[in-house]
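The values are calculated or read from the model by the stated rules, or taken from the named source; none is laboratory data. These numbers were taken from a predicted model, which means no experiment stands behind them. A quick note on method: Cβ atoms are made from the backbone with ideal geometry, for glycine too, and the neighbour counts reach across all protein chains shown.
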Amino acid sequence: MLNFLPAPLLGTLTFVLLTVHTIVFFTMMLPFVLLKVMIPHTEVRYYMTRAVMFFGTVWIDGNTFIISITRKIRWDVQGLKGLKIDTSYLVVCNHCSWADILVLQRLFNHKIPFLKFFLKKELMWVPVMGVAWWALDYPFMKRYSKAFVEKHPELRGKDMETTRKYCQKFKRSHVTVLNFLEGTRFNYQKHEKQKSPYQHLLLPKAGGIAIVLSSMGEMLSNIVDVTIIYPDNEPPLSFWDFLCGRIPTIVVRVNALPVPKEFIGKDYEQDEGFRENFQQWINRLWEKKDLQIGKIMKQYKSKR
């Protein structure tokens, strides 16, 4: 355990270890990435992606080990039993920090298929990781503001089109599609700006997962509802806080929900009735999550 180190030194050391570890594994997977780039053949690219995913799985194990030796975290996790590696899932989760990704990877690695989540297209240019995400078939989404779309109506629905395209690709093998429904990390400024009716959550965006369910709902075993809470910290939480060991407790609740059959194969963009019903379903899910977060936060405050 290296958590006795001063926070800035611990953060720097953890960052260096994670960076070196990432570069080493990127170097190992690079030949497969290059083959995927140079050979535009569907079958070849499929198997190159599988090879890169193997390295990605081992890379996550390494990240987990580095985190375990550099900090002491109290983990309070419930609901992982019953999950399987040989089926497909849609994971929906609240979003507090960039640390959420490491938390989810640690908990689900080797328990369910490799996590794939939607990324902003700008992240494609992140050194090393951008290429790795592309090789792993992570979907890159171009986000446009509402005002920009009004000026350029031809771009309306482009993100939905991208979602649908990747869903078709995901049908080839078992996969876990992760979606942070809020679309951004929680902080009180965003909460106030949105006038969110939830105490601990931002407004959920239903369109993305509606298309996932519409396109590949028949192959999903469950919708896995995940709630992440950092009960000893106030938002916003930065990734630097996590690296420095300033997050002592991580609470995760996992709940496997049945896939609503009435949502499979429907058109979210054109079917107004389906769109309203689905948004109501998401709102009910978010109401329960908000109550759950409040209850857990209250329990932890009473223990202090």
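Among the candidates Leu17, Leu5, single out the residue that is over 23 Å from the mean Cα position of the chain (by Cα) and either at pLDDT 95 or above or more than 30 Å from Leu285 (Cβ to Cβ) (or both).
That would be Leu5, the only listed residue that is over 23 Å from the mean Cα position of the chain (by Cα) and either at pLDDT 95 or above or more than 30 Å from Leu285 (Cβ to Cβ) (or both).
Mind counting the residues in the range 276-291 that are in contact with a strand residue (DSSP E or B) (Cβ under 9 Å, 6 or more places away or on another chain) and either touching a residue at least 60 places away in the same chain (Cβ under 8 Å) or over 17 Å from Gln199 (Cβ atoms) (or both)?
So the answer is 3.
Taking the stated definitions as given, is Gly82 farther than 21 Å from Phe25 by Cβ and modelled with pLDDT of 85 or more?
Judged against the criteria, Gly82 is a match.
Might you check whether a residue that is on the phi < 0 side of the Ramachandran plot, among the charged types (D, E, K, R) and buried (at least 17 other Cβ atoms within 10 Å of the Cβ) occurs anywhere in the range 27-43?
At the first step, the residues of the range 27-43 found to be on the phi < 0 side of the Ramachandran plot are 27-43.
Filter once more, keeping what is among the charged types (D, E, K, R): 36, 43.
If we keep only those that are buried (at least 17 other Cβ atoms within 10 Å of the Cβ) too, we end up with 36.
Within the range 27-43 (the criterion being on the phi < 0 side of the Ramachandran plot, among the charged types (D, E, K, R) and buried (at least 17 other Cβ atoms within 10 Å of the Cβ)), the answer is yes, since at least one residue qualifies.
Does any residue of the range 261-275 turn out to be small (Gly, Ala, Ser) and under 21 Å from the mean Cα position of the chain (by Cα)?
Here is the first cut: in the range 261-275, the residues small (Gly, Ala, Ser) are 265, 273.
Checking the rest, the ones that are also under 21 Å from the mean Cα position of the chain (by Cα) come to none.
So far as the range 261-275 goes, no, none of its residues is small (Gly, Ala, Ser) and under 21 Å from the mean Cα position of the chain (by Cα).
Filter the range 259-274 for residues that are among the aromatic types (Phe, Trp, Tyr) and either surrounded by fewer than 11 Cβ atoms within 10 Å (Cβ to Cβ) or part of a helix (DSSP H, G or I) (or both) and give the result.
Phe263, Phe274
Answer yes if at least one residue in the range 120-127 is part of a helix (DSSP H, G or I), modelled with pLDDT under 95 and within 27 Å of Thr249 (Cβ to Cβ), and no otherwise.
no
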